[in-house]
Amino acid sequence: MNFWRSNRFWAWIALSFGILYFALPLIGTFEFSLRMKRGEYSLEAYRVILGDPRFQATFLYSVMMALLTIVVGVLLVVPTAYWVRLKLPRWRPVVEFITLLPLIIPAIVIVFGYIRMYNTSSALPLTGSAFGTDILMVAGYTVLALPYMYRAVDTGLRTLDITTLTEAAESLGANKITILAKIILPNVLVAILSGAFLTFAIVIGEFVFAALLNRPAFGPFMQLIGANRAYEPAALAVIAFSITWLCMGLMQLVTRLQQHTQVKQFR
Amino acid sequence: MAFLEISNLQKDYAGNRVVENFNLAVEQGEFISFLGPSGCGKTTVLRMVAGFETPSAGSIRIDGKDVVNLKPNQRNIGMVFQAYALFPNMTVAQNLAFGLKVAGKSKAEIESTVQEMLALIKLEELGQRYPFQLSGGQQQRVALARALAVKPKLLLLDEPLSALDAKIRVSLREEIRSIQRKLQITTIFVTHDQEEALSMSDRIVVMHKGKADQLGTPFEIYNQPKTRFVASFVGTINVLEGVVTNPQTGSFKLNGTELSLGRSLSKLKMGDSIALALRPEAASLGQVARKAGQLQGIVQDVNFLGSVIRVRVKVGESVLSLDGFNQPLVAPPKAGAQVIVSFSPEELLVLAD
Ligand SMILES: Nc1ncnc2c1ncn2[C@@H]1O[C@H](COP(=O)(O)OP(=O)(O)OP(=O)(O)O)[C@@H](O)[C@H]1O
Ligand SMILES: [Mg+2]
């Protein structure tokens with residue numbers, strides 16, 4: 001078989017094209033971010049960005065938001081997905097559809113909904129205070145993360161024989177809370193972590209919610225820098241990308257580590 | 001009053017009655033098997049006792065207390081499932097400790113009970129393993145020990161051996177029985193394998209279409225089946241159709257020969273047709289002096305099963321199975337040979353419908 005006509009050749013072409021398509025802009029951005037000092041490559045742009053107190057404040061704020069979103073998401077999604085699988089298996093497609101809605105409805109629609117519902121002249125004026133607005137932020141981010149979180153957890157649950165494990169635990173005297181905490185949660189931990197890393201990546205760079213609710217998050221800061229500076233935005237983009245990739249890498253790592261408590265009912 | 005009393009139990013699923021008029025009284029320490037074909041309602045009855053299903057009618061009393069309104073986690077009943085259902089995130093020792101922790105036992109007590117249970121199932125070395133590092137048979141023993149660790153009032157096992165291969169199935173059923181004897185725990189064992197039920201049980205409930213057809217010792221179930229279903233489900237039978245000639249003496253006509261059961265047929269009258277069952281091991285090939293019943297037939301096929309040889313003989317329209325022990329010096333008959341099948345009429349079982 002001639003190499004040039006083989007499938008392998010075309011596979012390599014496609015792969016190279018993909019790599020170039022993704023890598024070139026990144027390499028370009030990275031190279032540009034190093035050119036802040038005239039005539040030499042330096043990390044000056046990174047030094048400026050990382051030293052900017054607004055960077056530190058907004059980044060910290062977004063990390064807090066991301067962690068809160070993960071906690072709320074887990075508390076919301078794990079019991080729901082468990083309950084639906086255990087008691088309402090027929091409703092699973094419906095619930096799954098609902099959790100996919102945030103992919104269809106633009107974030108801006110959700111924000112305007114929130115602003116209309118919870119403005120200062122409403123019954124529940126959450127937008128009136130920074131704390132109230134933060135609650136809205138976490139609620140909104142939880143919604144944005146829902147498709148990823150739910151899918152991850154639901155897939156994790158699928159590898160378990162939920163019904164029998166629940167019944168076994170019940171016959172040993174356990175109640176539903178104990179079962180969730182001691183059996184279900186530990187067994188879907190890996191799925192939760194992968195959902196959590198995705199959530200983290202989404203929330204860290206999110207712009208629409210933070211901008212329209214006027215909160216000091218990392219997304220608007222990136223936009224601000226991008227509009228006013230030359231080299232720093234490139235450095236920021238590289239940083240943001242690195243965070244996302246780190247999350248993805250950790251996700252993979254955790255999935256590998258799972259081998260240890262691998263679920264196997266029959267051999 | 002019996003330790004476990006189930007009366008008039010009934011279960012409907014959307015108008016479909018899957019358990020009907022089910023009654024059972026189990027004494028403390030007894031080993032009872034539910035035996036029946038797939039779909040006859042064995043699991044449903046067991047799950048109602050465990051509390052996973054709510055009866056549509058009837059009552060379940062354990063140790064004198066009605067448990068129908070109690071949740072499964074309030075009943076103190078140990079349960080072992082076909083799929084083992086060990087908690088995959090916990091080691092063997094942690095699995096065994098789970099129920100004790102939930103019950104709020106002290107650390108020392110948990111530790112000693114776990115060791116005791118590991119010794120009971122002879123897996124002392126494997127306490128730190130995870131379930132996925134165990135064989136199926138080991139997993140099921142852990143599941144049994146986990147259920148027993150909390151000292152339940154009742155042990156329920158739903159086809160615990162079905163997922164295992166034949167050799168382990170036999171050794172594990174002996175182990176389960178000996179543990180049950182040692183702890184004197186009242187046990188219900190669900191199976192569709194008659195050999196399991198016959199070899200393990202104090203008494204067997206044969207279930208058919210949601211009802212208990214017969215309750216009795218393995219000996220009674222096998223030798224005095226009350227219905228045609230029980231006779232045919234437990235062991236193999238040959239059904240012979242005869243005509244009653246004298247109900248008082250138990251005489252009847254079979255293929256033109258008059259024979260007697262040696263006991264009266266009170267419910268029948270002269271001229272009634274009668275269904276009689278003949279166990280394969282109760283029939284022999286060739287004429288036997290003590291056996292008055294004789295039928296002419298042609299050998300259809302011969303199955304050599306090792307210690308037993310099963311010969312199928314065509315008699316008139318029907319085919320009879322005969323079991324005889326292997327005799328090294330006597331060759332079995334060949335297919336097509338003309339033979340006589342003989343039996344003692346007293347050993348025939350009368351089948352009610
Ligand atoms: N949740 C349910 N909804 C509707 N019908 C059910 C349900 N559970 C069981 N059934 C029906 O009840 C009948 C008895 O089921 P059950 O599981 O008790 O049978 P079984 O004797 O345990 O059979 P097997 O040997 O196959 O386990 C079956 O016809 C089954 O289809
Ligand atoms: Mg069953």
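Report yes if B:Lys267 is open to solvent by 50 Å² or more (accessible area, probe 1.4 Å) and either in contact (Cβ under 8 Å) with a residue 24 or more places away in the chain or not in a strand (DSSP E or B) (or both), otherwise no. Against the criterion (open to solvent by 50 Å² or more (accessible area, probe 1.4 Å) and either in contact (Cβ under 8 Å) with a residue 24 or more places away in the chain or not in a strand (DSSP E or B) (or both)), B:Lys267 qualifies.
Please determine, by comparing only the residues of segment B:71-128 that are more than 9 Å from chain A (Cβ to nearest Cβ) and under 29 Å from the mean Cα position of the chain (by Cα), which one is nearest to A:Ile183 (Cα to Cα). My answer is B:Leu96.
Set side by side, the residues B:Phe233, B:Phe229 differ, and just one is within 16 Å of ligand 2 (Cβ to nearest atom), surrounded by 18 or more Cβ atoms within 10 Å (Cβ to Cβ) and more than 14 Å from chain A (Cβ to nearest Cβ), which is B:Phe233. Pairs meeting the criteria (first residue in segment B:76-96 and in contact (Cβ under 8 Å) with a residue 60 or more places away in the chain, second residue part of a strand (DSSP E or B) and more than 15 Å from ligand 1 (Cβ to nearest atom), beta carbons under 6 Å, at least 6 apart or on different chains) are B:Ile77/B:Leu154; B:Gly78/B:Leu155. For segment B:14-35, a residue qualifies if it is open to solvent by less than 40 Å² (accessible area, probe 1.4 Å) and on the phi > 0 side of the Ramachandran plot, and exactly one does: B:Gly29. Of everything listed in (1) farther than 22 Å from A:Leu146 by Cα; (2) away from chain B (no Cβ under 14 Å); (3) not in a helix (DSSP H, G or I), the single unmet condition for A:Pro220 is (3).
Going by what's in this entry, would A:Thr142 be described as in a helix (DSSP H, G or I), away from chain B (no Cβ under 14 Å) and at pLDDT 95 or above? Spelling it out, A:Thr142 is indeed in a helix (DSSP H, G or I), away from chain B (no Cβ under 14 Å) and at pLDDT 95 or above. When segment B:320-334 is filtered for residues that are modelled with pLDDT of 90 or more and of a type in the set (A, V, I, L, M, F, W, C), the ones remaining, listed by number, are B:Leu320, B:Leu322, B:Phe325.
Of all residues in segment B:1-55, which are part of a strand (DSSP E or B), without any contact (Cβ under 8 Å) to a residue 24 or more places away in the chain and more than 8 Å from ligand 1 (Cβ to nearest atom)? Within segment B:1-55, B:Ala25 is the sole residue that qualifies. For segment B:46-66, a residue qualifies if it is under 22 Å from A:Ala169 (Cβ atoms) and either within 12 Å of ligand 2 (Cβ to nearest atom) or open to solvent by 10 Å² or more (accessible area, probe 1.4 Å) (or both), and the qualifying residues are B:Leu46, B:Arg47, B:Gly51, B:Phe52, B:Glu53, B:Thr54. Selection of first residues in segment A:156-170 that are within 9 Å of another protein chain (Cβ to nearest Cβ) and of a type in the set (Gly, Ala, Ser) and of second residues that are open to solvent by less than 10 Å² (accessible area, probe 1.4 Å) and assigned to a helix (DSSP H, G or I), restricted to Cβ pairs under 6 Å at least 6 apart or on distinct chains, gives the following pairs, ordered by first then second residue: A:Ala169/A:Ile179; A:Ala169/A:Ile183.
Suppose the filter is more than 29 Å from B:Ile309 (Cβ to Cβ) and within 16 Å of ligand 2 (Cβ to nearest atom); does B:Phe189 pass it? Yes; evaluated as a whole, the condition is true for this residue.
The values are calculated or read from the model by the stated rules, or taken from the named source; none is laboratory data. What you see is a predicted model, and the numbers here were worked out from it, not measured in a lab. Glycine also receives a Cβ, built like all others from the backbone with ideal geometry; neighbour counts cover every protein chain displayed. Note: accessible area is taken over every heavy atom of the protein model, side chains too, but ligands, DNA and RNA are not part of it. Shrake-Rupley method; radii C 1.70, N 1.55, O 1.52, S 1.80 Å.
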